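Remarks on the structure that follows.
The values are calculated or read from the model by the stated rules, or taken from the named source; none is laboratory data. Bear in mind the structure is a predicted one, so any value in this text is a computation, not a measurement. Note that each Cβ is placed from the backbone with ideal geometry, even for glycine, and that neighbours are counted across all protein chains shown. Each accessible area value is taken on the protein alone, full model and side chains, heavy atoms only, with ligands, DNA and RNA left out. Shrake-Rupley method; radii C 1.70, N 1.55, O 1.52, S 1.80 Å.
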Amino acid sequence: MNISRGKKLIILGVLLVVIDQVIKVLVKTNMSIGESIHVFGDWFQIYFIENEGMAFGMKFGGAVGKFLLSLFRIVFFGLLAYWISRLLKKSDTPSGVTVGLTMIAAGAMGNIIDCFFYGLIWDYAPFMFGRVVDMFYFPIIDTTFPEWMPLIGGNPFRFFAPVFNFADSCVTCGALYLIFFQWRFFTREDHPSDEKKSGKN
């Protein structure tokens, strides 16, 4: 295993998780749920909510769903960590691939900490049933459809309604980076080199 690359990835992952947790603790200890701070007009707000479900405020099946989601997160993180360690053993693995996967793993761990421990720390839920702290809100377009429009007239429209956190951003940015810039690595086929082919002849 390339120890140097591995150490750098661990430092990156730990740094991202620490940043995520510092932001969440600052928001949770200094703001009330539903409180918002306008950073850039109405377009960018620090808006404190707590999410009982998945990323970007999505929910999944009550208490049983919450438990299964917490369990899935830790299994997902474990698989990612194992995959990254396997890729580090291969000399031809691009650094960008392991960095992107590390960002996704760090984001998963950031939300795992919330789910597993926040309920215990703030004494409102048992182990694995904590709520994820979300705060970034970008209602870039927040308007209402004109009344004359059929079916949707009078309904509110927001360009980006979800409230999310730094961990969600790590997962999203890591995934998008892999899709747009590292897709060749995941679609390539490993073929024997010409030298190996000629040696067999």
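A few notes on this one:
- Estimated [θ] at 222 nm from DSSP helical runs (n ≥ 4, -39500 (n - 2.57)) normalised by residues in the chain, nearest 500: -17000 deg cm²/dmol
- Using θ = phi - 60° and Karplus 6.51 cos²θ - 1.76 cosθ + 1.60, couplings along the stretch 158-171 (whole Hz; Gly, Pro as x): 10, 5, 9, 7, x, 9, 9, 10, 5, 4, 4, 5, 4, 5
- Net charge of Cβ neighbours under 12 Å - reference M103; Lys, Arg +1; Asp, Glu -1: -2
- A dipole drawn for the chain from +1 and -1 charges on Cβ atoms has a positive end, and of Y124, L80, F145 the residue lying farthest that way is L80.
- Here the dipole of the chain is about 1080 debye; that uses its Cα centre as origin and unit charges on the Cβ of Lys and Arg (positive) and Asp and Glu (negative).
- Ratio of the Cα radius of gyration of the chain to 2.2 N^0.38 Å, where N counts its residues: 1.29
- Close amide H partners of F44, meaning residues 5 or more places away or on another chain with modelled amide H under 5 Å apart, are V39.
- Near N51, the amide H atoms lying under 5 Å from its own belong to V132, V133, D134; only residues 5 or more places off or on other chains count, and H is placed 1.01 Å from N.
- Stretchable slack from Y124 to D92, in nm (0.36 nm times residue separation minus alpha-carbon distance): 6.7 nm
- Each residue of the stretch 138-152 is assigned a 3J(HN,Hα), and the resulting list reads 10, x, 4, 10, 10, 9, 10, 5, x, 4, 6, 6, x, 6, 10 Hz, derived from the Karplus form 6.51 cos²θ - 1.76 cosθ + 1.60 (θ = phi - 60°), x at Gly and Pro.
- Under the shape rule built on the C-alpha gyration tensor, where the axes satisfy a ≥ b ≥ c, the stretch 93-156 is oblate, since a/c reaches at least 1.5 while a/b does not exceed b/c.
- Table column - 3J(HN,Hα) (Hz), the stretch 22-32, Karplus curve with 6.51, -1.76, 1.60, x for Gly and Pro: 4, 4, 5, 5, 4, 5, 5, 8, 10, 10, 9
- As computed over the stretch 62-122, the Cα convex hull volume per residue (Å³): 76
- Based on C-alpha pairs under 8 angstrom that are at least 6 apart in sequence, the stretch 1-134 has a relative contact order of 31 percent.
- Nearest-20 debye value, the stretch 43-155 charge dipole, Cβ charges on Lys, Arg, Asp, Glu: 620
- Exposure ranking of W148, W122 by accessible area [1.4 Å probe, largest first]: W148, W122
- Entry comment: accessible area of the chain is 61 Å² per residue, from protein heavy atoms only and a probe of 1.4 Å.
- Around I141: net Lys/Arg minus Asp/Glu count, Cβ-Cβ under 13 Å: -1
- Shown here for the stretch 64-128: trypsin sites (Lys or Arg not before Pro) in loop regions (DSSP other than H, G, I, E, B) with at most 14 other Cβ atoms within 10 Å, namely K89, K90.
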